[in-house]
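Q: Before we start, here is the structure in question, set down as structure tokens.
Nothing in this text is a laboratory measurement; each read-out follows from the coordinates by a stated rule. For clarity, every value in this text was computed on a predicted model and none was experimentally measured. Here the Cβ is made from the backbone with ideal geometry for all residues, glycine too, and neighbour counts use every protein chain on show.
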Amino acid sequence: MYPLCLFVLLMLLSPGVALSGLLLKDGEEKDEQGRELRGPSRQPKGSTQGMVVVQSENSFEDTYALLLAALNGAAPITVFKEIDHAAAAADAQIDPGLLPNRLVIFGNPALGTPVMQANAFVGLDLPQKMLVWQDSDDKVFLGYNPPEYLTARYDGIEGVSQLETISNALKNFASQATNVAASDIQDPRTGQFKKIRRFRGGWFSVESDADFETTWSRLTTAIETAAGPNIALTVDHEENSGGTLNPSRVVVFGNPQLGTPLMQVSPTAGIDLPLKILVTEDETGKVHVTSNKIGFLRVRHYLRGVDDNITAARQAVLNFVSIASGVEFN
């Protein structure tokens, strides 16, 4: 259990808009219709809901190096950020430390832009990510979110033709890194995506009381001035689309003191860490602030025994969304 000082780092929210239906509360294992969501007993080791997981035939370092080489060798791909979760834990002097766990964030605007044109909220999950980790048995895995994960989370994108190209590209990158044939890489079971849909996608969004730039400035300033979290990356989807998209930016931020214990319980949590908040403007000029439901991430990765960290992560997200949007929660 982590000390109370973790919570002191986060500002408390004022009473206001109720969160019923937005976030799964601590300890709950039911969706918003009250149906039970099963835990790790039904999930094979090394996998998580809606995630493609491939056991690598290579070492951790070779798997990661081959992944980077594959990404850098694909001309349309931009590698936006590499995040070494284990190194961040070591830098924060967290003991015990974290087994090897690295995330690479990358994308191709030519493929991602049409998906966001169909549903701007998909920008919360773009650019794409791939996670490489090693478990306590020294087995190495590579994981990523397939397009089916996006279609389970976001309405209106099923017919976007670029999704098939994205699927094939991800499998090819995974194959090059793991030495497993792309044809042998299995997609998650259909039932996993049904659970995601029962969470209404696992994200929530509120309308801001300000314009886009003011909302974005509030958000990034709040994160930068808070004790604990650091901004790892910001991505301007509108700029990357060549102005095709409406204003859309995502900020990636995290605090190893909160995130490391989650990855110690379930290393796949590294694909959803650091946390993300998306700011978008729609065609009517309304501005929306969007983030993942922490309760959804808890169930997705079977996070047990880390209630304090889950609560602190939830409070941090709500605090930053509240400051950015001007919406008060209770």
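Q: On the Cα set of the range 55-149, report Rg and Dmax in Å, please.
A: 15.1, 45
Q: Going toward the positive end of the dipole of the chain, with +1 on Lys and Arg Cβ and -1 on Asp and Glu Cβ, which of Gly295, Ala87, Ala75 do you reach last?
A: Gly295
Q: For the chain, with only Lys/Arg (+1) and Asp/Glu (-1) charged at the beta-carbon, what is the dipole magnitude about the Cα centre, in debye rounded to 20?
A: Approximately 920 debye in magnitude.
Q: In Å, the Kirkwood hydrodynamic radius of the chain over pairs of distinct alpha carbons?
A: 20.0
Q: Still on this model: Applying the Karplus parametrisation 6.51 cos²θ - 1.76 cosθ + 1.60 with θ = phi - 60° to the phi angles of the range 202-211, what ³J(HN,Hα) value in whole Hz is obtained for each residue in order, glycine and proline being reported as x?
A: Each residue of the range 202-211 in turn: x, 9, 9, 9, 10, 8, 7, 8, 10, 6 Hz.
Q: Viscosity 1.002 mPa s, temperature 20 °C: what is the translational diffusion coefficient of the range 152-204 from Stokes-Einstein with a Kirkwood Rh over Cα pairs, rounded to a whole number of µm²/s?
A: Estimated diffusion coefficient is 167 µm²/s.
Q: Give me a comma-separated list of calculated 3J(HN,Hα) values for the range 138-149, in order, Karplus coefficients 6.51, -1.76, 1.60 applied at θ = phi - 60°, integers in Hz, x for any Gly or Pro.
A: 6, 7, 10, 10, 10, x, 7, 8, x, x, 4, 5
Q: Distance between Cα centroids, the range 223-262 to the range 274-320: provide it in whole Å.
A: Cα centroid to Cα centroid, the span is 12 Å.
Q: Round to the nearest 0.05 the FRET efficiency obtained for Asn172 and Asn230 when R0 = 35 Å and r is the Cβ-Cβ distance.
A: Taking R0 as 35 Å, the efficiency between Asn172 and Asn230 is 0.60.
Q: GNM, the chain, Cα, under 10 Å: largest mean-square fluctuation among Gly243, Gly270, Gly201?
A: Largest GNM mean-square fluctuation: Gly243.
Q: Give me a comma-separated list of calculated 3J(HN,Hα) values for the range 291-299, in order, Karplus coefficients 6.51, -1.76, 1.60 applied at θ = phi - 60°, integers in Hz, x for any Gly or Pro.
A: 3J(HN,Hα) across the range 291-299, in whole Hz: 8, 6, 6, 5, x, 5, 5, 4, 6.
Q: Return the whole-Å distance between the Cα centroid of the range 156-175 and the Cα centroid of the range 76-95.
A: Here the two parts' Cα centres lie 26 Å apart.
Q: A further question follows. For the range 79-206, take N as its residue count and report Rg(C-alpha) divided by 2.2 N^0.38 Å.
A: For the range 79-206, the normalised Cα radius of gyration comes out at 1.16.
Q: Over all distinct Cα pairs, what is the inverse of the mean 1/r for the range 209-330, reported as the Kirkwood hydrodynamic radius in Å?
A: Result for the range 209-330 stands at 15.1 Å.
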